[in-house]
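One structure is given below, encoded as structure tokens.
The values are calculated or read from the model by the stated rules, or taken from the named source; none is laboratory data. Remember, predicted model here, so these are calculated numbers, not experimental data. Neighbour counts run over all protein chains shown; Cβ positions are idealised from the backbone, glycine included. Each accessible area value is taken on the protein alone, full model and side chains, heavy atoms only, with ligands, DNA and RNA left out. Shrake-Rupley method; radii C 1.70, N 1.55, O 1.52, S 1.80 Å.
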Amino acid sequence: MKLAAPLLLVLALLSWLPLVNCAPSPDPDPGATGVRHSGDVPEAIGWRAEVVVTGLEHPWSIAWLPDGSALITERPGRLRIVREGVLDPTPIAGVPDVFAQGQGGLLDVAPHPDFADNRLIYLSYATGTKDANRTTVAKARFDGTRLNDLDVIFRNAETKNDGQHFGSRILWLADGSLLLSIGDGGNPPIAFAGENIRNQAQRLGTHFGKILRLTSDGQPHPGNPFLGRPGARPEIHTFGHRNIQGMALDPASGRVWANEHGSRGGDELNLIEPGRNYGWPAVTYSKEYWGPRISNETSRPGIPEPRIVWTPSKAPSGLAFYTGDRYPRWKGDLFSGALKFGQIRHIDLDGEQVIGEEKLTIGSRVRDVRQGPDGYLYVLTDQDKGVLLRILPTDG
Ligand SMILES: [Ca+2]
């Protein structure tokens, strides 16, 4: 055939197009130096996933109690418990009512660090209505069957409409205080105070688009950076965030890591330092869902550079800092869930430097990834019939 050679050439060129489209950082970025842009990455080897529990409805978070049992939130508003690998068919009683629409519902669960003594469980969740809802945190005593003495310790001072961007990750720090992520309130045209609500991430007068640092009673931590500043919310730890869905502590160094969603591209991994502005939406690599850049600025002096920028967005969810011995090569590294591409990203760290990244393909939306008390990584998938997986090392 005369046309065979040109046709093959065209096919060969076409076969390169997906690779070109997947190339990281499609736009020139004169402002940033040394920012790690991540597209697709190689597959990790030496692991397999094992199903532990099935039949969870949109599970959002998992946390273990000192006796080895695991609490799992389901976004529609149920708290479940897994004992010795078996899911109790009866949900835990006494869970507060939640606003379960869109991204809202029952979200994080975080036992108090002294749970063995005080039996306190902390929950984050969305409350309110479609027209007026907010991120809320409550603590309650868990007697093994139900929650008692439920006490709301924090609610976003402002309400927003629609079901987007609640943030809601809780992270306990070594001093017994906790960090809480709050989303920016949502995408345009969702508005607040006469402008896009997402601009609130740059406004210290609201909780939107922040990490807060609270005492175990929900009060501003006495060391907070904006305490006493007129017009600033005293709970603020950092600002300029879009929607942080994962936070993790490196217990040896005290470093706090967070991953947050961009809009279209520009998802970020950040090293969190108190008082800092992380830029959103004034400084970002992200684009509007319909195409144009959100800001012309991708970096600015004084704004920490993301440690990773994920374009295309992987929609980062739960985040774990691995301290166990089950997979020696992964010790001291981060694991970031992804709602897109059905993956977990293994982020190879050397101290605070990201030195590599690979993927663990799970095949379903990953909502949370955590280290269990047995040193294995556990994974929740975000589905109608979600599952709890355990990651096992394999030979070779
Ligand atoms: Ca940023």
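Restricting attention to the range 380-396 and to residues that are closer than 14 Å to ARG326 by Cβ and of a type in the set (Val, Ile, Thr), the residue that is farthest from the chain's Cα centre (by Cα) turns out to be THR394. Of everything listed in (1) within 21 Å of ASP382 (Cα to Cα); (2) of a type in the set (Lys, Arg); (3) touching a Lys or Arg at 6+ places or on another chain (Cβ under 8 Å), the single unmet condition for ARG141 is (1).
A quick yes/no check of all residues on (1) of a type outside the set (Asp, Glu); (2) open to solvent by less than 10 Å² (accessible area, probe 1.4 Å); (3) more than 21 Å from ARG119 (Cβ to Cβ):
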| site | (1), (2), (3) |
| --- | --- |
| ASP149 | no, no, no |
| THR159 | yes, no, yes |
| GLN164 | yes, no, yes |
| LEU178 | yes, yes, no |
| GLY186 | yes, yes, yes |
| GLY194 | yes, no, yes |
| ALA201 | yes, yes, yes |
| GLY209 | yes, yes, yes |
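Can you find even one residue in the range 279-295 that is under 18 Å from the mean Cα position of the chain (by Cα) and part of a strand (DSSP E or B)? Within the range 279-295, not a single residue is under 18 Å from the mean Cα position of the chain (by Cα) and part of a strand (DSSP E or B).
Filtering the range 88-114 to residues that are open to solvent by 10 Å² or more (accessible area, probe 1.4 Å), touching a Phe, Trp or Tyr at 6+ places or on another chain (Cβ under 8 Å) and without any contact (Cβ under 8 Å) to a residue 60 or more places away in the chain leaves ILE92, PRO96, VAL98, PRO111. Looking for something more than 25 Å from GLY85 (Cβ to Cβ), part of a loop (DSSP other than H, G, I, E, B), open to solvent by 50 Å² or more (accessible area, probe 1.4 Å) and not aliphatic (A, V, I, L, M) - is there at least one such residue anywhere in the range 364-379? Looking for residues that are more than 25 Å from GLY85 (Cβ to Cβ), part of a loop (DSSP other than H, G, I, E, B), open to solvent by 50 Å² or more (accessible area, probe 1.4 Å) and not aliphatic (A, V, I, L, M), one finds none in the range 364-379, hence no.
The residues of the range 281-296 that are within 13 Å of the ligand (Cβ to nearest atom) and either within 29 Å of THR381 (Cβ to Cβ) or at pLDDT below 95 (or both), listed by number, are THR284, TYR285, SER286. Selection of the range 218-241 for residues being away from the ligand (no atom under 16 Å from the Cβ) and on the phi > 0 side of the Ramachandran plot yields GLY218, GLY228, GLY231.
Within the set of pairs 6+ apart or on separate chains, which have a first residue in the range 260-271 that is touching a residue at least 24 places away in the same chain (Cβ under 8 Å) and within 13 Å of LYS340 (Cα to Cα), a second that is of a type in the set (Phe, Trp, Tyr) and within 10 Å of the ligand (Cβ to nearest atom), and C-beta atoms under 8 Å apart? Filtered contacts from the range 260-271: GLY262/TYR285; GLY265/TYR285.
I'd like to verify a number: residues in the range 243-267 that are assigned to a strand (DSSP E or B), of a type in the set (D, E, K, R) and open to solvent by 30 Å² or more (accessible area, probe 1.4 Å), how many? Outline the logic, then answer.
The first filter runs over the range 243-267 and keeps only residues assigned to a strand (DSSP E or B), leaving 244-249, 256-260, 264, 267.
Checking which are of a type in the set (D, E, K, R) leaves us with 260, 264, 267.
Keeping just the survivors that are open to solvent by 30 Å² or more (accessible area, probe 1.4 Å) gives 264.
Qualifying residue count for the region: 1.
Tell me which residues, restricted to the range 305-336, are open to solvent by 20 Å² or more (accessible area, probe 1.4 Å) and either within 16 Å of the ligand (Cβ to nearest atom) or on the phi > 0 side of the Ramachandran plot (or both).
Passing the criteria: GLU305, ARG307, THR311, GLY332.
Applying the selection to the range 179-208, what residues are hydrophobic (A, V, I, L, M, F, W, C) and farther than 16 Å from ARG233 by Cα? Show your work before the answer.
If we filter the range 179-208 for residues that are hydrophobic (A, V, I, L, M, F, W, C), which is where we start, we get 179-180, 182, 190-193, 197, 201, 204, 208.
Matches in the range 179-208: ILE190, ALA191, PHE192, ALA193, ILE197.
Based on what the data block shows, is SER299 in a loop (DSSP other than H, G, I, E, B), within 14 Å of the ligand (Cβ to nearest atom), more than 18 Å from ILE197 (Cβ to Cβ) and of a type in the set (Gly, Ala, Ser)? When the stated conditions are applied, SER299 passes them. Based on this model, can you work out whether ARG213 counts as modelled with pLDDT of 95 or more, touching a strand residue (DSSP E or B) at 6+ places or on another chain (Cβ under 8 Å) and either over 15 Å from ILE170 (Cα atoms) or open to solvent by 40 Å² or more (accessible area, probe 1.4 Å) (or both)? So ARG213 fits the description; yes.
For ASP67, the test of being among the acidic types (Asp, Glu), open to solvent by 80 Å² or more (accessible area, probe 1.4 Å) and at pLDDT 95 or above is passed.
Within the range 40-64, restricting attention to residues that are acidic (Asp, Glu) and under 22 Å from the mean Cα position of the chain (by Cα), which residue is most open to solvent (accessible area, probe 1.4 Å)? Here the answer is ASP40.
Would you mind finding the one in ASN270, ASN296 that is of a type outside the set (Lys, Arg) and surrounded by fewer than 18 Cβ atoms within 10 Å (Cβ to Cβ)?
On the way: ASN270 fails: surrounded by fewer than 18 Cβ atoms within 10 Å (Cβ to Cβ).
It is ASN296.
Here the range 205-220 is the region considered, the condition is being assigned to a loop (DSSP other than H, G, I, E, B) and under 22 Å from the mean Cα position of the chain (by Cα), and the residue that is farthest from ALA110 (Cα to Cα) is THR206.
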